[in-house]
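Trainee: Pasting in a structure now, in structure tokens, and then I'll have a few things to ask.
The values are calculated or read from the model by the stated rules, or taken from the named source; none is laboratory data. These figures come from a predicted structure and were not determined experimentally. Backbone-built Cβ (ideal geometry, glycine too); neighbour counts: all protein chains shown. In case anyone asks, the SASA skips ligands and DNA or RNA and just uses the protein heavy atoms, side chains included. Shrake-Rupley method; radii C 1.70, N 1.55, O 1.52, S 1.80 Å.
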Amino acid sequence: MNKIKVACLFGGCSSEYDVSLVSATSVIRNLNQEKYELYLIGITKSGDFYLYEGDINLIEIDEWFDSDSIKKITFSTNRSDHGFWVLDTNELYKIDIVLPILHGKNGEDGTIQGLFELAGIPYIGCDMTSSAICMDKFIAHELVRLYNIKVPISYLFDKWDLDIKNQIINLNYPIFVKPLKAGSSFGITKVENENELEKAISLAFTYDDKIIIEEAIDGFEVGCAILGNKNLKIGEVDEIELESGFFDYEEKYTLKTSAIHLPARISKEERERIKELALKIYQVLGCTGFARVDMFYTKNKEIIFNEVNTIPGCTSHSRYPSMLKEVGYEFSDIIDEWISLGLER
């Protein structure tokens with residue numbers, strides 16, 4: 001049988017460029033080379049696309065961009081091409097499917113998904129519409145709330161709002177200030193009092209031209225890894241234990257003062273409740289392929305929706321594959337399933 005031709009994208013014009021390098025390297029290493037013919041496509045921070053033919057190990061340490069190993073390319077929007085062109089040689093590489101292992105803006109927000117939908121090239125993960133909705137924290141909350149799922153109280157602002165303080169007077173501190181569309185907790189601040197608010201707002205606006213200000217939920221975060229288009233499979237529920245503050249960028253990738261418990265330290269019955277709600281959220285937001293649904297679990301046993309990560313961390317020890325490993329999936333099996341689901345859709 002012919003190998004499936006796979007283009008794996010890494011990097012990206014995003015604040016999460018470095019995270020993508022690590023995730024993509026892990027995916028590449030776990031991809032079954034007997035099944036797939038692999039093309040590595042690096043995207044620079046400035047947004048240029050290159051075919052990379054060098055050492056895989058140089059990707060995660062961001063030393064892949066070398067003139068001897070790269071060729072500038074562009075994906076063709078002509079559906080008959082079904083691939084990308086190398087610009088210097090005018091050579092067409094036909095592909096079967098794209099693995100956009102990209103995080104944050106221009107990778108997880110529907111933009112790259114829209115490109116491949118226009119080009120008629122299958123890709124893994126949520127489609128353009130679902131990706132865009134999940135990335136927009138405010139719209140995602142509003143949609144989920146329509147289905148009687150609890151969400152934090154939040155307010156949406158843009159740079160032209162001059163009276164933010166008076167519009168959030170019903171929120172009790174601490175509160176969270178977040179960019180509307182950003183991942184890996186970039187630009188998020190837990191604000192303990194009004195004196196810290198202006199600085200937090202300024203920081204959030206450096207990542208997006210819209211922000212949300214949200215109540216802090218008195219509980220801990222739990223997550224569910226979901227796999228599938230229609231026939232959905234779900235991993236075990238995990239729990240984030242925090243010593244203080246919140247699960248920011250540093251804690252997510254170092255776990256200096258936090259811990260992840262798998263399974264979550266609650267009863268099996270409560271974990272099943274969380275799974276059931278996660279599956280409902282996944283379907284409400286139109287997710288396909290895979291995603292991680294994050295929620296809060298309170299002392300009163302309330303489950304409150306936080307967000308959906310449509311391209312969660314993809315290292316072999318990241319939360320998403322770890323949750324699925326608890327129910328029998330090895331990382332290479334998960335990647336096979338992603339590709340199968342992408343081709344199926």
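Trainee: Where the second residue is surrounded by fewer than 24 Cβ atoms within 10 Å (Cβ to Cβ) and the first is on the phi > 0 side of the Ramachandran plot and lies in region 2-29, which pairs have Cβ atoms under 6 Å and are six or more apart or on separate chains?
Mentor: So the pair list comes out as Gly11/Tyr17; Gly11/Ile43; Gly12/Ile43; Gly12/Asn106.
Trainee: I've got another one for you. Can you name the number of the only condition in (1) in contact with a strand residue (DSSP E or B) (Cβ under 8 Å, 6 or more places away or on another chain); (2) of a type in the set (Lys, Arg); (3) assigned to a helix (DSSP H, G or I) that Lys178 fails?
Mentor: The one condition Lys178 does not meet is (3).
Trainee: Here's another thing I want to ask about it. Of everything in region 228-245, what is assigned to a strand (DSSP E or B), at pLDDT 95 or above and open to solvent by 70 Å² or more (accessible area, probe 1.4 Å)? Give them in sequence order.
Mentor: Correct list: empty.
Trainee: Would you check if there is a residue in region 189-205 being closer than 22 Å to Ile303 by Cβ, modelled with pLDDT of 90 or more, among the β-branched types (Val, Ile, Thr) and surrounded by 20 or more Cβ atoms within 10 Å (Cβ to Cβ)?
Mentor: The answer is no; no qualifying residue exists.
Trainee: Another question, then. Being among the aromatic types (Phe, Trp, Tyr) and more than 30 Å from Ile334 (Cβ to Cβ) narrows it down to one of Phe186, Phe205, Phe220, so name that one.
Mentor: Phe205
Trainee: Separate question: Would you confirm whether or not region 143-163 contains a residue that is among the hydroxyl-bearing types (Ser, Thr, Tyr) and without any contact (Cβ under 8 Å) to a residue 60 or more places away in the chain?
Mentor: yes
Trainee: Separate question: Being crowded, with 20+ Cβ neighbours inside 10 Å, part of a helix (DSSP H, G or I) and either under 19 Å from the mean Cα position of the chain (by Cα) or modelled with pLDDT of 95 or more (or both) narrows it down to one of Ala225, Ala278, Ala291, Ala264, so name that one.
Mentor: Just a single option satisfies the conditions, and that option is Ala278.
Trainee: Moving on. Looking at Ala140, Ala216, can you tell me which residue is under 16 Å from Asp294 (Cα atoms), in contact with a strand residue (DSSP E or B) (Cβ under 7 Å, 6 or more places away or on another chain) and surrounded by fewer than 21 Cβ atoms within 10 Å (Cβ to Cβ)?
Mentor: After ruling out the rest, the residue left standing is Ala216.
Trainee: Among (1) free of Cβ contacts under 8 Å to residues at least 24 places away in the same chain; (2) under 19 Å from Arg273 (Cα atoms), which single condition is Val327 missing?
Mentor: In the conditions (1) free of Cβ contacts under 8 Å to residues at least 24 places away in the same chain; (2) under 19 Å from Arg273 (Cα atoms), Val327 misses (1) alone.
Trainee: Something else: Tell me which residues, restricted to region 39-65, are within 16 Å of Thr25 (Cβ to Cβ) and either open to solvent by 40 Å² or more (accessible area, probe 1.4 Å) or assigned to a loop (DSSP other than H, G, I, E, B) (or both).
Mentor: Hits for region 39-65 are Glu53, Gly54, Asp55, Ile56, Asn57, Leu58, Glu60, Ile61, Asp62, Glu63, Trp64, Phe65.
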